[in-house]
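Structure first, then comments.
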Amino acid sequence: MCGIIGAVSQRDIAGILIDGLRRLEYRGYDSSGLAMLDDKANLICLRKLGKVQFLVNEFKKHTIIGSTGIAHTRWATHGQPSKKNAHPHISEYIAVVHNGIIENHQKLRTQLKKLKYVFTSETDTEVIAHLTHWELQKGGTLLEGIQRVIPQLHGTYGAVIMDSRTPGILVGARSGSPLIIGLGKDENFLASDQLALISITRCFMYLEEGDIVEVTNRKVRIFNQNGIEIKRKLIKSNIQYQDNIYDKGIYCHYIQKEIHEQPDAIKNALADRLDNHNRVILNELNKKAQNLLSKIEHIQIVACGTSYNAGMVARYWFESLSGIPCDVEIASEFRYRKLAQRKNSLFITISQSGETADTLAALRLSKKLNYLLSLAICNVIGSSLVRESDFSLMIRAGIEISVASTKAFTAQLTVLLLLVAYLLRLKNKNIALEHDIVKALHVLPFRISSVLSYKDIIEVLAKDFFDKNYVIFLGRGDQFPIAIEGALKLKEISYIHAEAYAAGELKHGPLALIDNHVPVIITAPNNKLLEKLKVNIAEISSRGGILYVFADKDAGFVNSKNIKVISLPYVEELIAPIFYIIPLQLLSYYVALIKGTDVDQPRNLAKSVTVE
Ligand code: F6R
């Protein structure tokens, strides 16, 4: 989950490295660093604990000019966040930045210590630096040294290595953690993702598993794991990129901006996908995909975190609307358990980043199993998940910068609902229902705007929560995953412990937690489960619980001593999950603001979880 950028050019690359680090900060932000070779080939290394801005401030105090360099923003795995654990790691003339985990680092550390190497950090990465140094003592080029180092490493890595004795050369290696080559004119780059380089080049090559690359300003040579020189496809990126994506506009935080961008994100997700006859068009799914999809008898969804919660909502939709049996599983569980294979099954992964290690591993595993086809629901064009899936549907939410996912979640749900409607027609099922879904999707951006206008009411409500230690979220049916997602948002950005339950499950244990210190948040659309939900609410209320009910205005709730009702506008039942997460996102945001937490970069987290 760390961010990597490396550059070899004829011009000064300091600005490119710093700018790249800022764009990569979403991948990890506990420390950062860079190493550059100045015009006399001196290796200069700067490292700083904390945000990239601290490194920038440090950088400004020095005059460093150079045309070969590497930089890194870290999310700690081995060794706590500190200056000494920040990358690059140095072994005399070798500098290394690394994303991933070297699983046999302890063994290598012991061996290297016996060879008199002195370790200055607690990281697994430092072994790569010393091991490279050791191998190069035996002779050969940096590339040859790395080709000898790589077979000794077990685990995952995207790494870039530089040797101050040979300026103008970078060597990169990939296994398990992404690494891409950015091609420029008389300059070339390496990075953990396109975003780091998109302002300087549109031409990319993706390294495949096991690849090692040698990059100079004029030439790129790629070798596969057998040491054979190979070519990788050149990709012209069409990522929409504006220089001002880091501009918060009228908002104070990215998460606030992203919450308010949801009507537009959903419009983008729907653009060109609904026709004038209330039908869904998914151009990404060609004849072959359509043919395979028409045969599916089961859907397996695999994802992590918020994307998994989107999958849980989709399960309710797939089963109740299209009648297709659906299972949803957390990727880290799916990949390690023995599976009973279903017949004619569609394998769906959901991911904002498309780089989540567990989700990717699950996709790779699915290829060895008997799925009819794999389909990625993803936000990042060109991500590993998209490239490795048979087909993909982009959610088009736009770049999501805040670590806690908001607009990607509602855009994922929008695309999943499109898919439900699409399958209805493909499988000659309920065409009237397809039309109803399309009609509901047409009004969805407007419904989201209407609920966003409750922000002031929710801001006031947040004062009831900021001093609480524990909050319970409840929902029934497709609102149960919304309760889970609401609890996740509160945990992530306000650090208040929150737990979600299916409302009907309360009396089977969690009811023991209810007292007048634990607020209970419930979403209550006006649907067929409303009367059941009211019984659950009465159970809590009669035990002195304090309830906050986000309810449809016609659901018949009234405020009482211990029930606060937030009366929300009408929403079509089909899109109610997408609607009801909005007030919960806003509540988490305002509670976190009062608590003064870092809402965009919560402690211990990173946006893209590229390690297991
Ligand atoms: C929560 C959050 C995480 C991600 C999870 C999966 O707000 O952002 O739980 O949803 O790490 O990430 P993606 O969707 O990139 O696979």
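Kindly indicate whether ILE482 is part of a helix (DSSP H, G or I) and buried (at least 19 other Cβ atoms within 10 Å of the Cβ). Don't jump to the end; show me each part of the working.
Values: part of a helix (DSSP H, G or I): yes; buried (at least 19 other Cβ atoms within 10 Å of the Cβ): yes.
Here the answer is yes, as ILE482 does meet what is asked.
Any idea which of LEU419, LEU385, LEU426 is under 21 Å from LEU574 (Cβ atoms) and either at pLDDT 95 or above or within 16 Å of the ligand (Cβ to nearest atom) (or both)? Break it down into steps so the answer makes sense when it comes.
On the way: LEU385 fails: under 21 Å from LEU574 (Cβ atoms); LEU426 fails: either at pLDDT 95 or above or within 16 Å of the ligand (Cβ to nearest atom) (or both).
Result of the check over LEU419, LEU385, LEU426: LEU419.
Which ranges mark the helices (runs of 4 or more DSSP H) fully within segment 260-357 that have 2 or more residues being away from the ligand (no atom under 14 Å from the Cβ) and aromatic (Phe, Trp, Tyr)? Reasoning before the result, please.
Details: elements: 262-270, 287-293, 305-322, 331-334.
Counting at least 2 such residues, we get 305-322.
If SER389 meets every condition in (1) under 21 Å from ASN286 (Cβ atoms); (2) buried (at least 22 other Cβ atoms within 10 Å of the Cβ); (3) in contact (Cβ under 8 Å) with a residue 60 or more places away in the chain apart from one, which number is that one?
(3)
State which residue pairs qualify: first residue among the polar types (S, T, N, Q) and at pLDDT 95 or above and inside segment 486-508, second residue open to solvent by 50 Å² or more (accessible area, probe 1.4 Å) and more than 16 Å from the ligand (Cβ to nearest atom) in any location, beta carbons under 7 Å apart, and separation of 6 or more residues or different chains.
SER494/LYS595
Output the residues belonging to segment 67-87 that are touching a residue at least 60 places away in the same chain (Cβ under 8 Å), buried (at least 22 other Cβ atoms within 10 Å of the Cβ) and not charged (D, E, K, R).
Step one: filter segment 67-87 for residues touching a residue at least 60 places away in the same chain (Cβ under 8 Å), giving 67-75, 77, 87.
Still in the list and also buried (at least 22 other Cβ atoms within 10 Å of the Cβ): 68-75, 87.
The answer is THR68, GLY69, ILE70, ALA71, HIS72, THR73, TRP75, HIS87.
Tell me which residues, restricted to segment 324-367, are small (Gly, Ala, Ser) and within 16 Å of the chain's Cα centre (by Cα). Before the answer, list the steps.
The initial filter retains those residues of segment 324-367 that are small (Gly, Ala, Ser), namely 331-332, 340, 345, 351, 353-354, 357, 361-362, 366.
Passing the criteria: ALA331, SER332, SER351, SER353, GLY354, ALA357, ALA361, ALA362.
Just the residues that are farther than 16 Å from LEU282 by Cα and either open to solvent by less than 10 Å² (accessible area, probe 1.4 Å) or not β-branched (Val, Ile, Thr) (or both), please, taken from segment 392-402. I'd like the intermediate steps shown before the answer.
Here is the first cut: in segment 392-402, the residues farther than 16 Å from LEU282 by Cα are 397-402.
Within segment 392-402, ALA397, GLY398, GLU400, SER402 meet the criteria.
Would you pick out the residues in segment 358-382 that are closer than 23 Å to VAL420 by Cα, within 15 Å of the ligand (Cβ to nearest atom) and open to solvent by 10 Å² or more (accessible area, probe 1.4 Å)?
Scanning segment 358-382 gives ASN379, VAL380, ILE381.
Restricting attention to segment 500-531, which residues are away from the ligand (no atom under 16 Å from the Cβ) and part of a strand (DSSP E or B)?
TYR501, ALA502, PRO519, VAL520, ILE521, ILE522, THR523, ALA524
Under 6 Å between Cβ atoms, at least 6 apart or on separate chains: pull out the pairs that start in segment 294-319 with a residue that is open to solvent by 10 Å² or more (accessible area, probe 1.4 Å) and end on any residue that is away from the ligand (no atom under 16 Å from the Cβ) and part of a helix (DSSP H, G or I).
Correct list of pairs: SER294/LEU426; TYR316/ASP478.
Which fully enclosed helices (runs of 4 or more DSSP H) of segment 371-476 have 2 or more residues being not assigned by the TED database to the domain that holds LYS287?
none
The values are calculated or read from the model by the stated rules, or taken from the named source; none is laboratory data. Since this is a predicted model, take the numbers as computed values, not measurements. FYI the Cβ positions are ideal-geometry reconstructions off the backbone, even for glycines, and counts take in every protein chain you see. For accessibility, only protein heavy atoms count, side chains too; no ligands or nucleic acids. Shrake-Rupley method; radii C 1.70, N 1.55, O 1.52, S 1.80 Å.
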